[in-house]
Amino acid sequence: MTVLRVDASIQGDRSASSALADLVLDRVVAAHPHAAVVRRHLCADPLPADAWATAISGSFTPEADRTEAQRAAVALAQEVATELQDATSAVLALPLYNFGVSQHAKTWIDLAIAGAPQGTRLLEGTPTVLVTTRGGAYGAGTPREGWDHNTDYLRRILVDVWGADLTVVEREFTLVGVNPALDDFAEVAAHMHTTAREAAAQAGAALAARRAA
């Protein structure tokens with residue numbers, strides 16, 4: 001059993017998405033203590049911003065004619081893609097930033113797509129938990145309804161492009177208690193936090209049970 005754990009938070013130990021992903025992974029590891037866990041933190045150890053473009057140019061260049069930079073980028077893209085293909089389960093902590101997917105996560109996605117033959121479904125049938133968090137609230141009837149350009153995009157990539165068997169755990173209002181403008185929402189934010197923690201624990205237990213079956 002190999003679990004791929006990917007984080008993209010810029011918040012370090014204060015990360016709301018990583019804390020929820022920890023709950024998911026803890027349940028899996030508790031049930032499968034010998035499981036291999038492959039970790040990639042896209043912010044703490046970011047992928048080079050130019051790697052995707054260099055990998056693409058390298059893929060269209062005969063191997064003997066590639067530059068050292070092209071060879072390195074192609075190898076990195078293949079490594080990222082292989083991590084996804086080799087995973088038997090995945091736990092992905094990918095928060096919303098500035099209303100969309102983070103630059104770190106986008107680079108990872110682009111590299112993974114470049115690292116395998118076109119159309120490869122890198123997570124075909126793989127049980128995958130996506131943890132995503134948002135500082136504000138974007139639900140129906142809120143002033144910023146429709147501003148979340150992160151979650152639907154990730155569903156498209158993970159499910160429609162890569163074929164993952166996806167469960168999504170979400171938490172909103174993570175900036176309540178940080179941004180004074182949101183102080184009036186303390187009670188609803190606390191409820192959202194509790195609900196998200198419960199959902200993460202349930203997702204982890206379900207992931208562990210599926211791997212045991």
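The values are calculated or read from the model by the stated rules, or taken from the named source; none is laboratory data. Note that the coordinates shown come from a computational prediction; the quantities given were computed from them, not determined experimentally. Positions of Cβ are generated from backbone atoms using ideal geometry, with glycine treated the same way; all protein chains shown enter the neighbour counts. Side chains are part of the model used for accessible areas, which takes the heavy atoms of the whole protein and leaves out ligands, DNA and RNA. Shrake-Rupley method; radii C 1.70, N 1.55, O 1.52, S 1.80 Å.
With a/c under 1.5 counting as rounded, go ahead and sort region 108-213 into rounded, prolate or oblate using the C-alpha gyration tensor (a ≥ b ≥ c being the square roots of the eigenvalues; past the cut-off, prolate if a/b is larger than b/c, else oblate). It would help to have the intermediate numbers written out before the result.
Values: a/c = 3.02, a/b = 1.60, b/c = 1.89.
Oblate.
Sketch the reach of a paramagnetic label on Met1 as a point 7 Å from Cα along Cα-to-Cβ, and name the residues of region 7-28 whose backbone nitrogen lies under 12 Å away.
In region 7-28, the label zone of Met1 (backbone N under 12 Å from the point 7 Å along Cα→Cβ) covers 25-28.
Where does each of 200-207, 21-28 land if you order them by average Cβ count within 10 Å, highest first?
Numbers: 200-207: 20.5, 21-28: 22.9.
In descending order of packing, they fall as 21-28, 200-207.
Can you work out D for region 27-68 in µm² s⁻¹ from Stokes-Einstein, where Rh is the Kirkwood radius over C-alpha pairs, the temperature is 10 °C and the viscosity is 1.306 mPa s?
Numbers: Rh = 13.7 Å.
The Stokes-Einstein estimate is 116 µm²/s.
Name the most mobile residue of Ser102, Ser57, Ser18, meaning the one with the largest mean-square fluctuation, in a Gaussian network model of the chain with Cα contacts below 10 Å.
Among Ser102, Ser57, Ser18, the largest GNM mean-square fluctuation belongs to Ser57.
Using every Cα-Cα pair within region 108-162, state what percent have a distance larger than 14 Å.
Working: 918 of 1485 pairs.
I get 62 percent for the Cα pairs in region 108-162 exceeding 14 Å.
Can you pull the Rg over Rh of region 49-131, Cα-only, Kirkwood?
Numbers: Rg = 13.9 Å, Rh = 13.7 Å.
Result for region 49-131 is an Rg/Rh of 1.02.
State, as an integer percentage, the relative contact order of the chain based on alpha-carbon contacts under 8 Å between residues 6 or more apart.
On the way: 363 pairs, mean separation 53.8, N = 213.
Answer for the chain is 25 percent.
Quote the FRET efficiency, to the nearest 0.05, computed for His191 versus Asn98 with a Förster distance R0 of 41 Å and r equal to the Cβ-Cβ distance. If you can, show how the numbers build up before the last one.
On the way: r = 26 Å, r/R0 = 0.62.
The pair His191/Asn98 has a calculated efficiency of 0.95.
Given R₀ = 25 Å, FRET efficiency for Asp26-Asp152 by Cβ-Cβ distance, to 0.05? Kindly include the intermediate steps, with their values, before the conclusion.
Details: r = 28 Å, r/R0 = 1.12.
The formula returns an efficiency of 0.35 here.
Nearest 10 degrees is fine. How inclined is helix 103-114 to the longest principal axis of the chain, computing both from alpha carbons?
Relative to the chain, helix 103-114 is tipped by roughly 40 degrees.
Once neighbouring chains are kept in place and the probe is 1.4 Å, which whole percent of the accessible area of region 1-101 is contributed by carbon and sulfur?
Values: 2680 of 5050 Å².
Carbon and sulfur together cover 53 percent of it.
Please find the FRET efficiency linking Arg14 to Arg71, where r is the Cβ-Cβ separation and R0 is fixed at 35 Å, and quote it to the nearest 0.05. Don't jump to the answer; show the numbers that get you there.
Values: r = 38 Å, r/R0 = 1.08.
Efficiency, from the Cβ-Cβ distance: 0.40.
Probe of 1.4 angstrom, ligands and nucleic acids ignored: what's the accessible area per residue over region 1-157, in square angstrom? Don't skip to the answer; put the middle values down first.
On the way: 7620 Å² over 157 residues.
Value returned for region 1-157: 49 Å² of accessible area per residue.
At what distance in angstrom do the alpha carbon centres of region 117-173 and region 1-78 lie from each other?
18
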